[in-house]
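Visitor: Got a structure here, written out as structure tokens. Questions coming.
Here, each number is a calculation from the coordinates, and none is a lab measurement. Fair warning: this is a prediction, and the values are worked out from it, not measured in the lab. All Cβ positions, glycine included, derive from the backbone under ideal geometry; neighbour counts span all protein chains shown.
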Amino acid sequence: MRYAALLRGINVGGNKKVGMAELRALAATLGLDDPQTLLQSGNLVFGSKATAPKLEALLETETKKRLGVECRYVLRAAEEWRAAIDANPFPAMAVSDPSHLHVVFLRDAPAAKDVKALQASIVGRETVRAAGRQAYVVYPDGSGTSKLTLPVIEKAFGTTGTARNWNTVMKINGLLTA
């Protein structure tokens, strides 16, 4: 089975530095098949027969032990990744402005009441929809200055997540299906 493993909060603002060559080497050392990375934001694609929860725990433990970096991983199997793309509630945005459409990959699906509460709390022009273990966020003015940050989303939903813009989502999909 092919997986996308997304690292949360590495190489942002000079914090929690993880080189992609180091990450590929770690994955290979752990016996993961054909590890590939994309960009510097912590995107790892590989093959494994293990389950996603076991792989998340293994990667988190070994990243801390071998690379000295504590971070969370969120994994999706290739078919889950494709389903997340298909569930995008903003298909026009994916075409017209993919860098301002983000997918937040969550460990757990948020409750409908939590999604509604987050939507009601937004003070900017951002829009949020959720489907399964993903939240889709449109940042029309960019995410850099938005008050709708990943920690705000995680707190509202009570789970860990990590976001990628639509361009990156599609590039990872290319690695998963190659």
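Visitor: For the chain, find the longest principal axis of its Cα atoms and tell me its angle to the long axis of helix 20-29, 0 to 90°, nearest 10.
Guide: Once rounded, one gets 50 degrees.
Visitor: Can you give me the Kirkwood hydrodynamic radius for the chain, using every pair of distinct Cα atoms, in Å to one decimal? If you can, show how the numbers build up before the last one.
Guide: On the way: mean 1/r = 0.0604 Å⁻¹.
Across the chain, the inverse of the average 1/r is 16.6 Å.
Visitor: Give me V95, V138 sorted ascending by neighbouring Cβ count inside 10 Å, so fewest comes first. Please report the intermediate quantities before stating the final value.
Guide: Numbers: V95 10, V138 18.
Ordered by Cβ neighbours within 10 Å, fewest first: V95, V138.
Visitor: Quick one: angle between helix 112-121 and the longest Cα principal axis of the chain, in degrees between 0 and 90, rounded to 10, please.
Guide: Here the helix axis deviates by roughly 60 degrees.
Visitor: Oh, and also: Using Cβ counts within 10 Å as a stand-in for footprinting exposure, how do D114, D34 rank, fewest first?
Guide: Working: D114 17, D34 13.
Result, fewest neighbours first: D34, D114.
Visitor: Across the range 140-145, in residue order, what do the Karplus-derived ³J(HN,Hα) couplings come to in whole Hz, using 6.51 cos²θ - 1.76 cosθ + 1.60 with θ = phi - 60° and x for Gly and Pro?
Guide: Running phi through 6.51 cos²θ - 1.76 cosθ + 1.60 with θ = phi - 60° gives x, 9, x, 8, x, 10 Hz.
Visitor: Excluding V123 itself, what net charge comes from residues whose Cβ is under 15 Å from its Cβ, given Lys and Arg +1 and Asp and Glu -1? Mind showing how you got there, number by number?
Guide: Working: positive: R125, K147; negative: E126, D141.
Result for the neighbourhood of V123: 0.
Visitor: In straight Cα distance, which lysines are under 27 Å from K54, not counting same-chain residues fewer than 8 positions off?
Guide: K16, K17, K64, K65, K155, K171
Visitor: Which residues in the range 91-131 place their backbone N less than 18 Å from a point set 7 Å from the Cα of T145 along the Cα-to-Cβ direction?
Guide: 100-101, 123-127
Visitor: Bin width 5 Å, origin at 0, all Cα-Cα pairs of the range 87-166: what percent of pairs per bin?
Guide: 3, 17, 31, 27, 17, 5, 0
Visitor: With equal scatterers on the alpha carbons only and no solvent term, can you work out the Debye log10 of I(q)/I(0) for the range 32-114 at 0.10, 0.11, 0.14, 0.23 1/Å?
Guide: Treating every Cα as an identical point scatterer, log10 I(q)/I(0) equals -0.33, -0.40, -0.64, -1.32.
Visitor: Moving to a separate point now. Out of P110, Y139, N88, whose Cα points farthest toward the positive end of the dipole of the range 50-168 (charges: +1 Lys, Arg; -1 Asp, Glu; placed on Cβ)?
Guide: P110
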